[in-house]
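*Asks:* Here it is, the structure in full.
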Amino acid sequence: MKDILSMTLPELQSAVQELHEPKYRAAQIYHWLHVRKATDFAQMTDLSSALRTKLQSEFCIKRLFAARRLASSMDDTVKYLYRLPDGQHVETVLMHYQHGWRLCISTQVGCRMGCRFCASAIAGYVRNLEASEMLLQIDETERDAGISISGLVLMGIGEPLDNFRNVMQFLELLSDQKGRNMSLRHVTVSTCGIVPRIRELADRRTGLTLAVSLHNPDNAGRSQLMPVNRRYPLPELLEACQYYFAKTGRRVTYEYAVMEGENDSPQDAGKLADLLKHQQAHVNLIPVNAVKERAFHADRQAAQRFMQYLEKMGVHATVRRTLGSDIDAACGQLRHETESDAEKREE
């Protein structure tokens, strides 16, 4: 059956006309789905029962179900493990900031980028998420928490630009004035550096914030940590980031996971400062999240020391506020734990 929640309004108009219904019915259905958040065609009471029956036979309205919900005792962070219709799982993290509620969503089940320090890659790549499955992470979280999301980060499980078509469809639905109507200026898309997609995103001029994961200022060192660098090395990546700024006027944020003994020396700071000297850049430092299968570690003090090195060299940097540390709020760990437990039960 067709996934109706992933359809844009023009797509829905075409589908409704194929059912020999007037085009204006699509706007009614779209409003029910994206504004009133209907979960069943029976709720669409301004449609005839005959049309609702047709819709029921042709389309499905997907749902996500919270398999686990972990609430931090240290702050307002809540981590959700959502079960998808096919039984796979993704993670979503709700965070509270002074300016409102921000949600970090997943874009794939697993990830194929293979970054050595990342929990998302351990359980392996399964599939891309559909646009509806990204939207539903917002809808189900808002329903559960009783709040409205004011900001969104595509930084959970998966590489957003590796699922480019569905992510662009999701952003179109998210920002549609006849739907959720969220400004894409409140959206951050994080990437490990898929250069052609960065350039294509720049050409679209969506207004969103681009965050690029660097994690090492040396080309050879980054290739060891992040296999994507072997395909799109640092010079090529930084050219694409300059292109993004030139096209959009939006400053790129560079994410840098600080790993003690790996990339946090004064020499590393010097290389990073030299790398970014011609960029309109902000560096967001993140103490790497410990994963039991990996040897990387750091604490907030290590990140702050590295920030001081950078500031002495004229690079604007901040240390990301740590939220939900008591519930391992970094994405990938809860899914990996759940999948591992399931495998053990099957043995």
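The values are calculated or read from the model by the stated rules, or taken from the named source; none is laboratory data. Owing to the predicted nature of the structure, the values given are computational and were not obtained by experimental measurement. Because the Cβ atoms are built from the backbone with ideal geometry, glycine has one as well, and the counts that use them run over all protein chains shown.
*Asks:* If you go through region 35-52, how many residues are touching a residue at least 12 places away in the same chain (Cβ under 8 Å) and either among the charged types (D, E, K, R) or in a loop (DSSP other than H, G, I, E, B) (or both)?
*Replies:* So the answer is 8.
*Asks:* May I pose another question? I'm trying to understand the selection: among the residues of region 63-86, which are buried (at least 18 other Cβ atoms within 10 Å of the Cβ) and within 30 Å of residue 1 (Cα to Cα)?
*Replies:* Within region 63-86, 64, 80, 81, 82, 84 meet the criteria.
*Asks:* If you scan region 123-145, which residues turn out to be surrounded by fewer than 18 Cβ atoms within 10 Å (Cβ to Cβ) and either at pLDDT below 95 or small (Gly, Ala, Ser) (or both)?
*Replies:* Scanning region 123-145 gives a single hit, 124.
*Asks:* Separate question: Filter region 113-123 down to the residues that are under 17 Å from the mean Cα position of the chain (by Cα) and more than 16 Å from residue 191 (Cβ to Cβ) and list them by number. It would help to see each step written out before you state the result.
*Replies:* Residues of region 113-123 that are under 17 Å from the mean Cα position of the chain (by Cα), as a first pass: 113-115, 118-121.
Listed by number, the list holds a single entry, 119.
*Asks:* Six or more apart or on different chains, Cβ under 6 Å: which pairs go from a residue in region 150-174 that's buried (at least 19 other Cβ atoms within 10 Å of the Cβ) to one that's in a helix (DSSP H, G or I) and of a type in the set (Val, Ile, Thr)? Could you list them?
*Replies:* If the second residue must be in a helix (DSSP H, G or I) and of a type in the set (Val, Ile, Thr), the pairs left are 160/167.
*Asks:* Considering each of 222, 199 in turn, give the residue that is assigned to a helix (DSSP H, G or I) and under 22 Å from residue 262 (Cβ atoms).
*Replies:* Result of the check over 222, 199: 222.
*Asks:* Please state which one of 79, 37 is touching an Asp or Glu at 6+ places or on another chain (Cβ under 7 Å) and farther than 30 Å from residue 258 by Cα. Lay out the reasoning, then the answer.
*Replies:* Numbers: 79 fails: farther than 30 Å from residue 258 by Cα.
From the options 79, 37, the qualifying one is 37.
*Asks:* Residue 30 versus (1) part of a helix (DSSP H, G or I); (2) farther than 16 Å from residue 170 by Cα; (3) hydroxyl-bearing (Ser, Thr, Tyr): which is the lone unmet condition?
*Replies:* So residue 30 meets the others, but not (2).
*Asks:* Anything in region 88-123 that is assigned to a strand (DSSP E or B) and either of a type outside the set (A, V, I, L, M, F, W, C) or not assigned by TED's automatic domain parsing to the domain that holds residue 151 (or both)? List them, or say none.
*Replies:* 89, 91, 92, 96, 97, 100, 102, 108
*Asks:* Residue check, residue 28 against (1) touching an Asp or Glu at 6+ places or on another chain (Cβ under 7 Å); (2) surrounded by 13 or more Cβ atoms within 10 Å (Cβ to Cβ); (3) in contact (Cβ under 8 Å) with a residue 40 or more places away in the chain, all met but one. Which one?
*Replies:* Exception for residue 28: condition (3).
*Asks:* Here are some conditions: (1) in contact with a helix residue (DSSP H, G or I) (Cβ under 7 Å, 6 or more places away or on another chain); (2) at pLDDT below 65; (3) more than 15 Å from residue 257 (Cα to Cα). Residue 313 meets all but one. Which one does it not meet?
*Replies:* (2) is the only condition that residue 313 fails.
*Asks:* Further, regarding this structure: Report, ordered by the first and then the second residue, all pairs with beta carbons closer than 6 Å, sequence separation of six or more or different chains, a first member in region 69-80 that is in the same structural domain as residue 102 (by TED's automatic domain parsing), and a second member that is small (Gly, Ala, Ser).
*Replies:* Here the result reads 72/324; 77/324; 77/329; 78/71; 79/329; 80/66, each pair linking region 69-80 to a residue that is small (Gly, Ala, Ser).
*Asks:* Residue by residue through region 261-290, note down the ones that are among the polar types (S, T, N, Q) and either farther than 20 Å from residue 241 by Cα or in contact with a helix residue (DSSP H, G or I) (Cβ under 8 Å, 6 or more places away or on another chain) (or both).
*Replies:* Hits for region 261-290 are 263, 265, 267, 279, 280, 289.
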